[in-house]
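Here is the structure we will look at.
The values are calculated or read from the model by the stated rules, or taken from the named source; none is laboratory data. Bear in mind that the values here come from a model prediction, so they are computed numbers and not experimental data. Cβ placement follows ideal geometry from the backbone for every residue including glycine, while neighbour counts extend to all protein chains displayed. Side chains are part of the model used for accessible areas, which takes the heavy atoms of the whole protein and leaves out ligands, DNA and RNA. Shrake-Rupley method; radii C 1.70, N 1.55, O 1.52, S 1.80 Å.
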Amino acid sequence: RRVLFRSLIVDRESFALLGDTRRPSLDREMETMTAFLADPGFRDSANVRIPDLVDSLEQGLTDPTSKALLELSDMLGQGNWLGYPTKKELRATRMADIKAALADPLSNEQLEVTIVGDLPEAEAIDLVARTLGALPPRRNTLTIRPDFKPVVHNGPKTVNLTLPADQKASALLMV
């Protein structure tokens, strides 16, 4: 049996629900995503898993690309515009906090649906209409967060990263 609904990714200005399935399970995948948007299930019982999730996130930020992005964030002087809270802040987070931040966007913000694969257009339209299209109406206008700050580049700066000898560096270009 294949795992269906895979992950929720939250950025500062958007969220993405990602799934991975095969054609015979596509209806079920879309139904699962629709159910999550209709009732995300922010349960307090998940609070005990937060420390482990924080540790996993911290380990994921040790690769060269993540280090470069964090350095770039500091270098641009915009505070932490990448949206990474401190480890202490993350450990203090509870599901009630996550619900307060995500419940409204998950149930009200506009959705963009992308289906990748060999699916005839008429079937894709029907599938989306029967699942995500059956959700209650959403906002017609784009909401901009009150704490939004555009990134301002103040001229060229140099970032030096020291990587362990066993790690290869990859190039990163941000314009």
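Scanning region 95-114 for residues being surrounded by 14 or more Cβ atoms within 10 Å (Cβ to Cβ) and over 27 Å from residue 53 (Cβ atoms) gives a total of 0.
Identify all residues within region 111-136 that are outside any helix (DSSP H, G or I) and farther than 20 Å from residue 8 by Cβ; write none if there are none. Give the steps one after another, and end with the answer.
We begin by selecting, within region 111-136, every residue outside any helix (DSSP H, G or I); these are 111-120, 131, 135-136.
Hits for region 111-136 are 117, 118, 119, 120.
Cβ-Cβ contacts under 7 Å between residues 6 or more apart (or on different chains), taken from a first residue in region 122-146 that is under 15 Å from residue 112 (Cβ atoms) to a second residue that is assigned to a loop (DSSP other than H, G, I, E, B) and among the hydrophobic types (A, V, I, L, M, F, W, C), are listed as 124/115; 128/113; 132/111; 132/113; 138/111. If you go through region 72-91 one residue at a time, do you hit one that is open to solvent by 70 Å² or more (accessible area, probe 1.4 Å) and at pLDDT 85 or above? Yes, region 72-91 has at least one match.
The residues listed here are 36, 42; of these, the one that is under 30 Å from residue 128 (Cα atoms), in a helix (DSSP H, G or I) and aromatic (Phe, Trp, Tyr) is 36. Filtered by the rule that a residue be touching a residue at least 40 places away in the same chain (Cβ under 8 Å) and within 17 Å of the chain's Cα centre (by Cα), region 37-66 gives 37, 40, 42, 50. What pairs come out if I take residues in region 11-26 that are of a type in the set (D, E, K, R) and pair them with residues that are surrounded by fewer than 16 Cβ atoms within 10 Å (Cβ to Cβ) and assigned to a loop (DSSP other than H, G, I, E, B) whose C-beta lies under 6 Å away, six or more apart or interchain? From region 11-26, the pairs are 12/83.
Flag not set for residue 142, criterion: in a helix (DSSP H, G or I), out of contact with any Lys or Arg (no Cβ under 8 Å at 6 or more places or on another chain) and either at pLDDT 90 or above or not aromatic (Phe, Trp, Tyr) (or both).
Among what's in region 8-33 and is outside any helix (DSSP H, G or I) and polar (S, T, N, Q), pick the residue that is nearest to the chain's Cα centre (by Cα).
Of the residues in region 8-33, the ones outside any helix (DSSP H, G or I) are 8-22.
Narrowing the set further to residues that are polar (S, T, N, Q) leaves 14, 21.
Details: 14: 7, 21: 19 Å.
Looking at the filtered set, the residue picked out is 14.
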